[in-house]
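Trainee: Below you will find the structure I want to go over with you.
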Amino acid sequence: MTPSLLPVTCLADILPIYRQTPISLLLEYQNCGRPFDSYVMAKLLVGMCMDNRKVLRIPDNFAYILRAGGANLRRAEFKVSFAISIGGVRALALIAHDQCGMVGLTARREVFIQGLVAHAGWTAENAARHFDERAPEFEIANAGEFVCTEAQRLRQDYPKLVIAPLFYRVDEGKLYQLQECG
């Protein structure tokens, strides 16, 4: 079931679980125009898609940012652990977005193969094998559902962390909270 998008236009819109956390600050900076505070150390880890159209409005030193297709942090757990253990963050924002290239990835198999052949010098055979072996690990059916599932998965590994699945609308440049199902 697709999670509901919950808009944030003011502090009162932020879900109680995120209030007085770095998640709240992220939402306030991005959506509400909160003036930037000064940070010496990161307060937040952001896991977001590698898509170049997503721009966060946050102050310097506020967050570590991990970018991976579809905000898929599988295989990035050591980096998450580093941000928590050494970096001292206590909150993680997982940000999915609309128009995500990882949604329906297999439909673009031929374009992917042709792109590697034309721009990376791969053979068509190697590009096809690469796609066929790796695409299933990265393809997602629904960006919002995936990021909620990813949040649930990471909560099992990091039970003390506040983990928020969020959704970015590219045309608006705004973040939405996701009302998780189940």
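Laboratory data are not the source of any read-out in this text; all were calculated from the coordinates shown. As the structure is a computational prediction, the values presented were derived from the model and not from experiment. FYI the Cβ positions are ideal-geometry reconstructions off the backbone, even for glycines, and counts take in every protein chain you see.
Trainee: Return the residues of region 37-59 that are under 25 Å from M102 (Cα atoms) and acidic (D, E); say none if nothing qualifies.
Mentor: Within region 37-59, D51 is the sole residue that qualifies.
Trainee: Quick test of your reading of the structure: E145 fulfils all but one of (1) under 30 Å from L178 (Cβ atoms); (2) of a type outside the set (V, I, T); (3) surrounded by fewer than 16 Cβ atoms within 10 Å (Cβ to Cβ). Name the failing condition by number.
Mentor: (3)
Trainee: Would you mind listing the helices (runs of 4 or more DSSP H) fully within region 67-182 where at least 2 residues are closer than 23 Å to L26 by Cβ and free of Cβ contacts under 8 Å to residues at least 12 places away in the same chain?
Mentor: Of the helices (runs of 4 or more DSSP H) lying wholly inside region 67-182, those with at least 2 residues that are closer than 23 Å to L26 by Cβ and free of Cβ contacts under 8 Å to residues at least 12 places away in the same chain span 77-85, 143-157.
Trainee: Further question: Could you say which residue among R57, R75 is charged (D, E, K, R), surrounded by 13 or more Cβ atoms within 10 Å (Cβ to Cβ) and touching a helix residue (DSSP H, G or I) at 6+ places or on another chain (Cβ under 9 Å)?
Mentor: Of the residues listed, the single one that is charged (D, E, K, R), surrounded by 13 or more Cβ atoms within 10 Å (Cβ to Cβ) and touching a helix residue (DSSP H, G or I) at 6+ places or on another chain (Cβ under 9 Å) is R57.
Trainee: Then there's this: Take region 3-52 and flag every residue that is loosely packed, with under 12 Cβ neighbours inside 10 Å and under 17 Å from the mean Cα position of the chain (by Cα).
Mentor: Correct list: N52 only.
Trainee: When you check A68 against the structure, is it under 24 Å from P159 (Cα atoms), crowded, with 21+ Cβ neighbours inside 10 Å, touching a strand residue (DSSP E or B) at 6+ places or on another chain (Cβ under 9 Å) and of a type in the set (G, A, S), yes or no?
Mentor: Against the criterion (under 24 Å from P159 (Cα atoms), crowded, with 21+ Cβ neighbours inside 10 Å, touching a strand residue (DSSP E or B) at 6+ places or on another chain (Cβ under 9 Å) and of a type in the set (G, A, S)), A68 does not qualify.
Trainee: Considering Y158, Y176, Y168, which residue is farther than 17 Å from G69 by Cα and within 14 Å of the chain's Cα centre (by Cα)?
Mentor: Only one candidate qualifies: Y176.
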